[in-house]
Amino acid sequence: MEKEFILLARDIIRSEDFQKTKNQRHHVRGTVYGHSLKVAYLCYRHHKLFHMKMDARELVTGALLHDFYLYDRQRKDEKHRFHWLRHPRTALENAKSRYPLTDAQQDMIRRHMFPVTPVPPKTKAGWLVCFYDKVAAVDDRFG
């Protein structure tokens with residue numbers, strides 16, 4: 001991964017709570033940590049490739065935290081029912097309680113499951129996270 005990406009992601013990646021995502025299984029073969037890093041890196045590469053007029057740190061942070069729900073969704077628990085619908089809200093609440101978030105970052109986290117959830121992203125960054133979340137999920141599952 002590129003040095004600039006690592007510098008942008010470093011504070012989140014090193015945080016104790018984000019490190020916990022290394023132990024959360026995700027999309028059958030991967031972890032939340034690996035998936036989130038992949039989504040953030042794909043968003044970063046898109047940003048650089050197309051010279052997008054948005055803050056790269058804001059984009060990387062929002063992308064890293066899009067699945068920051070911090071529970072084992074494989075464990076049988078009534079609270080995990082309808083995970084695919086509920087986890088964006090949980091991820092947003094967890095992220096807001098630990099990091100200062102911009103409106104755009106909140107949009108990236110809250111709306112990344114569109115069209116499974118009914119409300120689409122409001123920002124370009126939100127659309128990038130939404131799109132690359134699907135790309136990474138397919139790669140996680142079948143890659």
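Among the GluC sites (Glu not before Pro) within region 1-68, those in coil by DSSP and having at most 14 neighbouring Cβ atoms inside 10 Å are E2.
Taken along its principal axes, the alpha carbon cloud of the chain reaches lengths of 43, 33, 30 Å, longest axis first.
Helix 32-49 against the longest principal axis of the chain: what's the angle in degrees, Cα atoms only, rounded to the nearest 10? That helix lies at roughly 20 degrees to the long axis.
Could you pull out the longest piece of the chain with no exposed loop chymotrypsin sites (Phe, Trp or Tyr not before Pro) in it, calling a site exposed if DSSP puts it outside H, G, I, E, B and it has at most 10 other Cβ atoms within 10 Å? Between exposed loop sites, the widest span is 83-143.
For region 3-142, lysine pairs with C-alpha atoms less than 19 angstrom apart, excluding pairs fewer than eight positions apart on the same chain, total 14. Put simply, the amide H of H26, placed in the peptide plane, has neighbours under 5 Å in T31, V32, leaving out anything fewer than 5 places away on its chain.
For the residues G62, G30, G126, a GNM of the chain with alpha-carbon springs under 10 Å puts the largest fluctuation on G30.
Read-outs throughout are calculated quantities, based only on the coordinates presented, and are distinct from any laboratory measurement. As the structure is a computational prediction, the values presented were derived from the model and not from experiment. All Cβ positions, even for glycine, are placed from backbone atoms using ideal geometry, and neighbour counts span all protein chains on display.
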